[in-house]
Each structure stands twice: as structure tokens, then as C-alpha cells.
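Shown next, in C-alpha cells, is the structure this report addresses.
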Amino acid sequence: MTEEKVLLDHGSGGKVSHSMFSELILPLFEGPELSKQDDGATLEMGEMRLAFSTDSYVVDPVFFPGGNIGDLAVNGTINDIAMCGAVPKFISVGLILEEGFPIKDLKIILESMAGAARKAGVRIVTGDTKVVPKGKADKIFINTSGIGVIPLHVNVSGANAKPGDVVIISGTLADHGITVLSTREGLKFDSDIKTDSAPLNGMVHSILNSGCDVHVLRDPTRGGLGTTLNEIAVQSGVEIVIDEAALPIRGPVKGTCELLGFDPLYIANEGKLVAFVPEKDATAVLEIIQKNEYGKDAAIIGRVSEKTSGKVFLKTFIGGTRLVDMLTGDQLPRIC
Amino acid sequence: MAMKYIEEYRDADLARDLTKRIHRVSKKKLRLMEVCGTHTMSIFRHGIRSVLPDTITLLSGPGCPVCVTAQKDIDAFVEFAKLKDVIVTTFGDLIKVPGSTSSLGKEKAEGADVRIVYSIFDAVHIARENQDKEVVFCGVGFETTIPTIAAGVLMGIEGNLKNFSVYSANKLTPPALAALMETKGVEIDGFILPGHVSVITGTHAYCGTFEKYDIPSVVSGFEPIDILKAILILIEQNEEGRPALVNAYERAVSDEGNVKAKAIMNQVFELCHATWRGIGEIPFSGMGLKKEYQAFDAALKFNMNLPDVLEPKGCECGKILMGLKTPEQCGLYKKKCTPMTPIGPCMVSSEGSCAAFYKYS
């Protein structure tokens, strides 16, 4: 790392975050689980395989259209576990509260955490609360960790993408990031966009129990779809080509991105997954996703080519081709 | 939000048709320069280079305001940030641009009060809310931005804000085009003129340059169809040997431009010499605050007049801005200079040509 101090970029989920992970964090905690760099660790315990994942939430503002930091924190960890192919079971919650934070707001947040856990069929089983003096943290930060069980027949990983695989996205892009942005001080605007925060374990369960072959599952959160696809391309040593015209993006989201100069490919999603499946099973998996309540707008958006560049390309509307690089620079700090 | 104006100008069939016509008409090798950074980004984002014939080379000109900001001005912004009880307000693109020793981003990490704003009006608001602090706005923009900065100064007067000032590193487009044409080694066969700037200036602002240099010039919008159309017109003019100044962005640009915006700009600002990064001083290419508004001039208020300094060794931003080199011909590109560790401003700004090359190719 060349930087002497932590910059906001280190939390972007993009290139700078990756360099901090690989140059500072990974060498100190080297191990087969961490080195795989999936959304969670896969732990082998005799016959049993567990998925274990953790995530911290610092979103600003705490309340936004369609949700709040509480359900976001529960859904986020559920999804990270589900993307390992696991059935999420238990979740822990760590609260860091700023002195003076209204109990009324805390109650709303905790209630939505309980609601989110109930809806997804997971239990919050342990936790911790710390309070720091006013000004030493911003309102509320939440950490959630979770454990899930990976069924015997399941083997999904970001390293499993194969040439010929079809790339499916489970719905519209960039809803969460643009929702949070639209509520920010200094940039408030009216829109009917709301967060897509949702638990995807039900959808994953349906896909994995359909008998279809699935190579990769990932939720494109911070850093957006562009960054997630780059991670998969590198992990699997493949080249991915996506089609701009096929990307599902809501009109108001697209309009906001155009207006503010954001690329929806790099904006966070909190209730979407990307699946890599062999051509033979693509239609079946797409239909399964579309039948799920969070997958109505699912679409096939691209394919894995025969090349091995580790890069992602976009076929543009006008028939041109361009690179989709990993996110460089933080488009929107504190989005989740 | 109405998407009509986006979707219509991204029509795949129309784009294919224009591309076919470009391939059919183009015979001579031509070097066409897009002057505006937003054009550069649109060209890369839509993969326009990848559909053009080999005969056409697109050059990215000095049209990204951050990229043409002189090192001494960046240093001044950093110095403001170091001052006690000063809030520096800036557009986000400037945050990472390295000055001689530091950047606004680094100063922010050290504890300086540097705030990103989306408009000067946010800066005026911050000044109103923080009357015990000085608020400096980093004025970096072309004709598109300068009228809003002028309006911000007028708001400051109206609100009797004594703690608000502007450092003007603003610049004008037509003098830069003329300076380019006068530069030895510069070979340009046509200009794709900036759409946003032209909304304010009007097409007439380019008459002087066009008449003097007889160079094909087309005012263009930013959607792929707009840009392909502008390229086709420039090729046709070159092939037929009939240079013309054409407005191909009629839905937004008039001959006279935005008269009201120009009036506000000229009420508050006046022409001055300006230093362009890599190009040097271009006479009467900048806009400084008029005498009666000097109470709002941050450079005078804080006596900030730094000497210009040499750009980092090996950095070819200046030559790239003039179309004399491509980013790939710079020894630092993708090696020492990346968006994570930028050395020159063309790699920092989201509209810089090096950043575009890095991100999209």
C-alpha cells in the first residue's frame, strides 16, 4: 500500500479496497478460507460444511425509502451466506451507538431487524451493545455475522465460472445506491425509487434445489455489478461479455445516474444476485428466479467467452465494445 | 424523469446507419478533436472508437476544466485548506488532484474542512450557516459554470456575506482553440465543439476561430447519435474540402447562446490572462472578478498568489491535452500513474482523457 492514511476509497469495495485487502489484510491472516475471497468463508467440519460471514453497516442516512440500517444489516449478512450456497441459520448483532441517539429510532431499527430475520427464517442468537460519546460515532453502526449450512450437493464459488456460462441478474440495478443518494443532505430530490434490500435465501434455495447446474452466485452490493463481475472474472480466470441493452434499470434510476454522472454498473444493490449457469440450464434458472417475489425483473445479461483475460467487456447500445473495469474511486461513501 | 431525450439518441438502428455512412464516406486519414471532457467520456462509454474506421483518429482536447487547471491554482486550493477557520468548498473532481506537495483529499484526511458541493449555491449556504468561518469556493469551470459562479457572488452580496469568497481559475473555450491552432506540431482536421459550453456561448462565439483557421467545426450533443452525426459531418466537410461551422445540437444550442447567463457572467467577471496546465499562459482566456466584486476574490482576501511550478517529471498531460500525444504514449501511464495513484490531472478527473483510456480500454 502506498497510502499513509486510510482514505474513504479504502471502503469503496473497488480497486483500492482490494489492494488494502490483498496487501495489508490477507498476508496477516493467510488461510485457505480467506484466500478464496468469496462473500463468506466455507468451513469444513467433518461431514458438515458451514458458511460464515460478517458485515458492518454504516449507511447514512439511517432511514431511507423502503428500509433502514436494521433490515439492511440483517438482509446483507443473510445474502452473503446464501451466496455461498448455504441455508442461513443464525445471526449475531453488534450495535455501536452514539450517545444521544433517540431510543425511539433505535426501537424502529431493532423491530425491522427482528422482522427481517423472521421473514428470512433465521434467528438472531447473540449480540453486543456499545455506546460511544457524542461525536465519536455517527448515530448508529451495526455489525452482523451469520452462520449457514451448505447442503452436500452444492458447490458454488466465484472461482467456478466456465466458458459458455450464461450470466443472469435477478432484477433491476442500482436501486439501493440511488435511493440512499436521493435522501442525502445537499442532494435531496423527490423520486419514487426505494431500496431493493431483501433476503435472497429463498431464491437461492429454489435455484439450488431445482436440479439445475449453478457455478457462481454473488450479490453485487458495494462496488456494483461491474466490480462483482470483475472479481468473478479474475477468480475464475475467464472473460465476461455483457450486453448494455439487456441490463434491467428502472427509468428514474437511469435518469438520476445520467443527471449526476454515475454509472449504474458501479452503484450498490442490496437485494440482487448474479448467477452463472451453463447454457443448458439458463432458461430454467431464469424462470425460477422470475417466479420469486424479489426476481420479477430478472434477465440474461451476458455470457462467459472462450477467452481467459480476466476482464469484463460491455457491448454498447450502438454496437461498440468497451472495458468494464473494477470501480476506482468511491462513487458514494457510506451507502451500506 | 423523462427519458425521451436519452433513449432517442441511443437508438441502435440509427447508430448502425450512421456508422455505415461514416465507413462509406471516409477516405482520408483524419484527426478530429473532441474539445469537451463530457464528449470524451461519452465516446469511451458508448464504445464509439470501436465502431469507427481506421482512417479516423479521435483526440481529446483541453475541455476538462480540472485537467487544464494550473499547478499553482491547485496549490492555492491546498493552501486555503491548511488555513485555520477556513472551509474550502469544491466540486468533487478536484479533491484528488495532486498539487506540488499535497491535495485537497490529503488535507481533508489530515482534518482540514474541505466540503464537496454540487453547486456554488451550496457553498453560499455553508457560508450563511457558518458565519464564524471563512468559506472559499474553488472556481474551476468553463462558460457552463462561470455564470453560476457569478450568480453565487451576487447571492453573497444580497445576503451581505462577508465570509464568502471565490478563487477564480475559470477559463474560456474559444481562446484555447485558437491557441491550439497556433501551436507547432498540432494537427487537427476538425473540432467537435462542446455542447454544454455552446448552450451558453452560442455558435457565434466560434466564428472568429473558424474564420481565421478555416477548420471544420461542429457543435455536438453528448449522446452517441449526436457524436456519430458530428463525426460524419466533419468527415464529409473534409472529403469535400468545404469547411463550415455547423450547429448539430440545435435542440439545445442557439446562435446567440444564453443571453441572460452571459450578462450575469459579464456583470461579475472580466477577461484576464490565464495559465492552462501544460499549455502555458493564453492571453484573455480566463475570467477574473471585476474590481467592484473584489471583496469576494479569495486570492486578494488571503493574498494568495503562488508562483507557477513545473508539472511532475514525465507527466505528459499538457501534450495529451493538445492532441500531441495519446495517454499510452506517456511513460507514467498505467505504471506510476493510475486512478488510484494519479500523477497528472488527466488521470484524476472523471472527464480526463487518461482516466477514460484507463477505465474503458
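Values in this text are rule-based calculations from the coordinates and carry no lab data. All values reported here derive from a predicted model rather than from experimental measurement. Cβ: placed from backbone, ideal geometry, glycine included. Neighbour counts: every protein chain shown.
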(message) Considering all projection directions equally, how large on average is the shadow of the alpha-carbon convex hull of chain A, in square nanometres?
(response) 17.5
(message) With 10 angstrom as the radius, rank A:D196, A:D105, B:D132, A:D128 by how many other C-beta atoms surround their C-beta, starting from the fewest.
(response) B:D132, A:D128, A:D105, A:D196
(message) Quick check: the distance between the Cα centres of the stretch B:283-357 and the stretch A:1-68, to the nearest angstrom?
(response) 35
(message) So if the hydrodynamic radius of chain B is defined as the Kirkwood radius over C-alpha pairs, what does Stokes-Einstein give as its diffusion coefficient at 10 °C and 1.306 mPa s, in µm² per second?
(response) 76
(message) Using the crude model of +1 on Lys and Arg Cβ and -1 on Asp and Glu Cβ, and no other charge, please compute the dipole size for chain A relative to its Cα centre, in debye to 20.
(response) 500
(message) How large is the convex hull of the C-alpha atoms of the stretch A:166-323 per residue, in Å³?
(response) 111
(request) List the aspartates and glutamates whose Cα lies under 19 Å from the Cα of B:K27, skipping any in the same chain that are fewer than 8 positions away. (result) B:D17, B:D54, B:E187, B:D189, B:E236, B:E239, B:E240
(message) I need to check one value: relative contact order of chain A, counting alpha carbon pairs closer than 8 Å and at least 6 residues apart, in percent.
(response) 24
(request) Provide Rg and Dmax in Å for the stretch B:57-100, with only Cα atoms included in the calculation. (result) 13.0, 49
(request) Would you list, by chain and number, the aspartates and glutamates whose Cα falls below 14 Å from the Cα of A:K130, excluding same-chain residues fewer than 8 positions away? (result) A:E98, A:E99, A:D138
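How many Cβ atoms of partner chains, on average, are near each residue of A:309-321 if near means within 10 Å of its Cβ?
6
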(message) Taking beta carbons within 10 Å but only from partner chains, what does the mean come to for residues B:222-228?
(response) 2
(message) Pairs of alpha-carbon atoms within less than 8 angstrom and 6+ residues apart define the contacts here; what relative contact order does chain B have, in percent?
(response) 23
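For B:K325, what charge total do you get from the other residues with a beta carbon under 11 Å from its beta carbon, if Lys and Arg give +1 and Asp and Glu give -1?
So the surrounding residues net to -1.
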(message) Over 21 Å between Cα atoms: which of B:K72/B:K319; A:K15/B:K359; B:K313/B:K335; B:K28/B:K319 fall into that group?
(response) B:K28/B:K319
(message) Run the reach check for B:K133 against lysines, Cα to Cα strictly under 17 Å, same-chain hits fewer than 8 apart removed. What comes back?
(response) B:K82, B:K84, B:K108, B:K162, B:K301
(request) Could you work out the mean count of beta carbons from other protein chains within 10 Å of each residue's beta carbon in B:45-53? (result) 5
(message) Below 14 angstrom from the Cβ of B:T341, what's the summed charge of the other residues (Lys, Arg +1; Asp, Glu -1)?
(response) +2
(request) Please give the peptides B:249-260, B:49-60 ranked by average Cβ packing (other Cβ atoms within 10 Å per residue), highest first, as a rough proxy for protection. (result) B:49-60, B:249-260
(request) Please get the size of the charge dipole for chain B, origin at its Cα centre, with Cβ charges of +1 on Lys and Arg and -1 on Asp and Glu, quoted in debye to the nearest 20. (result) 860
(request) Please state the charge dipole magnitude for the stretch B:154-255, taken about the Cα centre, from unit charges on C-beta atoms (+1 on K and R, -1 on D and E), reported in debye and rounded to the nearest 20. (result) 500
(request) Please tell me which of these pairs span more than 28 angstrom C-alpha to C-alpha: A:K134/A:K254; A:K107/A:K194; B:K184/B:K291? (result) A:K134/A:K254; B:K184/B:K291
(request) Note down the relative contact order for the stretch A:1-85 as a percent, whole number, built from C-alpha pairs under 8 angstrom at least six residues apart. (result) 22
(request) Could you work out the Rg to Rh ratio of the stretch A:40-178, with Rh taken as the Kirkwood radius (inverse of the mean 1/r over all Cα pairs)? (result) 1.03
